[in-house]
Amino acid sequence: MKQLIFILSLFFSISAYAQIPDTITNPDKETLYSSAENFKLDYTQEEPIQILTGNVKMYQDSVFMFSDYAQIVRSNYLTAIGNVIIIQEDTIRVFSDSLVYDGASLISELYGNVAMQNGNRELFTNILYYDLENKIATFPDTMFMQNKNSKLNSLEGIYWVDKGEALFRKKVVVEDSTFILKADSLEFNTNTNVATFISPTYVYKDGKEIYCEAGYYNMNTGNAVFLGNPSYVEDDKKAHATEIRYDKTKNEIALYGNANYSSIDETATADSIIFNEKTEDVTLLGDGVYTGPDKRVEGDLIVFNTKTESVQVEGEGFLSEPPMIIQGQDIRYDSLSGYAYVKGDVTWKDTSKNNTIFGDYLIYNRNQESVQVERANGIRPLLLQVLDGDTLYLSADTLFYNSIKTDSTEYKEFTAFPDVRMYKENLSALSDHLYFDDIDSIFVLTGMPIMWADTSQFSGDTIHINLKNEKVSSLEILQNSFIVNAEKGDYYNQISGTEVLAEFKEDYVDNMYVTGNSRSIYYLKDEEGAFIGLNKTDCSRMRFYFQQDSLTDVRFYTEPTSVLTPIKKATNAELYLDGFAWSLDIKPNSVEDLLNISKNVKRVTKSRNSGAEITNNEPSEKEPGTDVLDLEPTGKQKDSEVPNNAPSHTKTDELIEQKKQTKKSKSKNNK
């Protein structure tokens, strides 16, 4: 404050002082001219000394000097005391308490309350060495510089006045309204207001700390580049990169080259990371990886909003929210709504259930823990389910996976529709609709379902595939049940009834029950395997016994009637039960068959009835295999041996609804 008052008090007299009348013709540039109110010569010293007091004025060439008291030796060596002022070319002004000036070298030494003005820039110090010829100011002592918006101080410095360049050393501190900078050394351009970092430097701004060893900061634009092991720290947040840039106009902090960001619960790495302070968007470019408290994202272009936690991945990307994993070419995830939309080469995994779905378009809802994959761009979604070490493949136009939570229970359900196709080693199936939940572990197939196992075909209104410990434990066919086993040519063993229950033991059929209007046709062979006749049986119920997948016995119940017809006398109508259909040509035999949208999947492709003719008695290309009807039945069994829990459901929708209604009671009983 004392310096400012001193400068103001002198400022108004500077103009008058500067107008020294030139009464000397052809002045010598090396001579120091002077005037004062009082003048005397002191001859007591070796050299005469001019002593000037009161309103002292001096000039040499284009330099004007003023003081209260002055001594001049050898015509151009000056010592001035009191209210010293130097004016050079009307733009540079220096104030001090005292001055030592050598007119031969044009070097001045100023002491005490030194102030230097150059345009709107002001420098303050206690000692200043100023080379007036080269316009170089050296500060060997603590200095302070300020303009309208900022101030700077250091212990040492050099100022090249003409160039507008300054070098500050030792404990450099720069302050303005938005930041504080600390460094050991700093270069500064007073014309452009650009500070250049040449030593370890710290910048503090709005609770943020930036470290670097090189770079620059533009005080006019607010833009900065930080180089040399730059780092960024804000509370628990840390960032490192080869280069850090700050663009005030865009409100962006950019990390380039091996960019790394971390906090207590978040990390991010990429070739580049850009953070927008206004939108709070974080962009990861090149091999980006973001890890949060509940998610992990990977991709070449990731945009993550720290406020909404929304995520967008362009190009091949990866999103993980355990136990869910999503991959695709375009991922857009809104954390607030919980919805994610994924396009192109989509992969979805539920690691808790060993499920994987492939497709081209996916909708995921985190809040409901649901996923829907739809047919898009001619690509059908495909489910992979690991069962007992083997993989089940399932495809449909739409696959829907959902988590159901109530006050008393929690389970996951899966739905596929329409045009459902299933393939597994030794098992294939088709239907219009499929349902599964992990409480009952039952695949429910409806809409003209057909299933194939080995050389047998199963069909009905509804088919249940029951699982236990990831193995098929039983198979139920509800309403219009029909089983066909291929022999040779157009010869087929057949079973029909209202409902069928097949029980499995160690991957083999152990028992099979047929109830309601039970009918069967099986072919008899001689010892050489030649067909000798067919046996047709009608009854109320049937039971089949197996050992290691081979039929050992069959029992018929409630007034069974059987007709044995020699093969040579059998008519076409006697070879087939009503409703017979052999659909081997639409059976899925590979994963490719599940995904082929042009494949014909009509449910009945080769049917027979009592009026049809046999068009082909030659053996089919599929060799006969041992199946449930390969052997002639023997023995009898009582009705009571048919289990009371044999299938009795007639409508799949009613069954599904009943299961859902009983889930709560099951959970309560378990508790």
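Name the residues of segment 392-424 whose amide N is less than 18 Å from a point 7 angstrom out from the Cα of residue 365 along the C-beta direction? Counting only backbone N, you get 398-407, 410-417. For segment 104-211, state which GluC sites (Glu not before Pro) are in a DSSP loop and have at most 16 other beta carbons lying within 10 Å of their beta carbon. Passing both the DSSP loop test and the Cβ count: 133.
The simple spin-label model puts a point 7 Å past each Cα toward its Cβ; for residue 548 and residue 527 those points are separated by 2.3 nm. Between residue 249 and residue 341, the simple spin-label model (points 7 angstrom out along Cα→Cβ) gives 3.4 nm. Residues of segment 298-329 falling in the label zone of residue 376, defined by backbone nitrogen less than 11 Å from a point 7 Å along Cα to beta-carbon, are 328-329.
Could you pull out the pairs from 151/237; 471/525; 353/471; 424/468; 488/536 whose alpha carbons sit more than 24 Å apart here? Show your work: numbers first, answer last.
Values: 151/237 29 Å; 471/525 34 Å; 353/471 14 Å; 424/468 17 Å; 488/536 18 Å.
151/237; 471/525, as the Cα separations exceed 24 Å there.
The loop-placed trypsin sites (Lys or Arg not before Pro) in segment 83-163, going by DSSP, that have at most 16 neighbouring Cβ atoms within 10 Å of their Cβ come out as 148, 163. Close amide H partners of residue 509, meaning residues 5 or more places away or on another chain with modelled amide H under 5 Å apart, are 549. Taking amide H positions as modeled 1.01 Å from N, with prolines and chain starts lacking one, the residues under 5 Å from residue 69 and 5 or more places away or on another chain are 81. Accessible surface area normalised per residue over segment 62-113 is 35 Å², counting heavy atoms of protein chains with a 1.4 Å rolling probe.
For a modelled paramagnetic label at residue 104, 7 Å from Cα along Cα-to-Cβ, the residues of segment 33-59 in reach, with backbone nitrogen under 18 Å, are 33, 46-50.
When both segment 290-346 and segment 548-570 are represented by their alpha-carbon centers, they are found 61 Å apart. Summary of packing: across the peptides 95-108, 303-316, the per-residue average of other C-beta atoms within 10 Å ranks them, highest first, as 95-108, 303-316. Solvent-accessible area assigned to carbon and sulfur over segment 478-524 amounts to 39 percent, based on a 1.4 Å probe.
Which percent of the accessible heavy-atom area of segment 53-180 goes to carbon and sulfur, probe 1.4 angstrom? Percent of accessible area from carbon and sulfur atoms in segment 53-180: 47.
Please give the contour-minus-distance gain from residue 517 to residue 468: 0.36 nm per residue of separation, less the Cα-Cα distance, rounded to one decimal in nm.
14.7 nm
The mean accessible area for residues of segment 489-583, using a 1.4 Å probe and ignoring ligands and nucleic acids, is 44 Å² per residue.
Take the alpha-carbon centre of segment 420-462, take the same for segment 576-597, and report the distance between them in whole Å. So the separation of the two Cα centres works out to 12 Å.
Using a probe radius of 1.4 Å on heavy atoms only, what accessible surface per residue do you get for segment 154-242? Whole Å² is fine.
For segment 154-242, the solvent-accessible area averages 45 Å² per residue.
Among the GluC sites (Glu not before Pro) in segment 493-596, those placed in a DSSP loop whose Cβ has at most 10 other Cβ atoms within 10 Å are 506, 527, 528. In percent, rounded to a whole number, the relative contact order of segment 275-412 is 13, using alpha-carbon pairs under 8 Å and six or more apart.
Element breakdown for segment 366-448 at a 1.4 angstrom probe: carbon and sulfur atoms account for 45% of the accessible area.
For segment 444-517, averaging the sequence separation of C-alpha pairs within contact (under 8 Å, six or more residues apart) and dividing by the residue count gives a relative contact order of 23 percent.
The values are calculated or read from the model by the stated rules, or taken from the named source; none is laboratory data. Computed from a prediction, not measured in an experiment: that's the story for all the values here. Positions of Cβ are backbone-derived with ideal geometry, glycine not excepted, and every protein chain shown enters the neighbour counts. The protein model used for the area step is the full one, side chains on, heavy atoms only, and it has no ligands, DNA or RNA in it. Shrake-Rupley method; radii C 1.70, N 1.55, O 1.52, S 1.80 Å.
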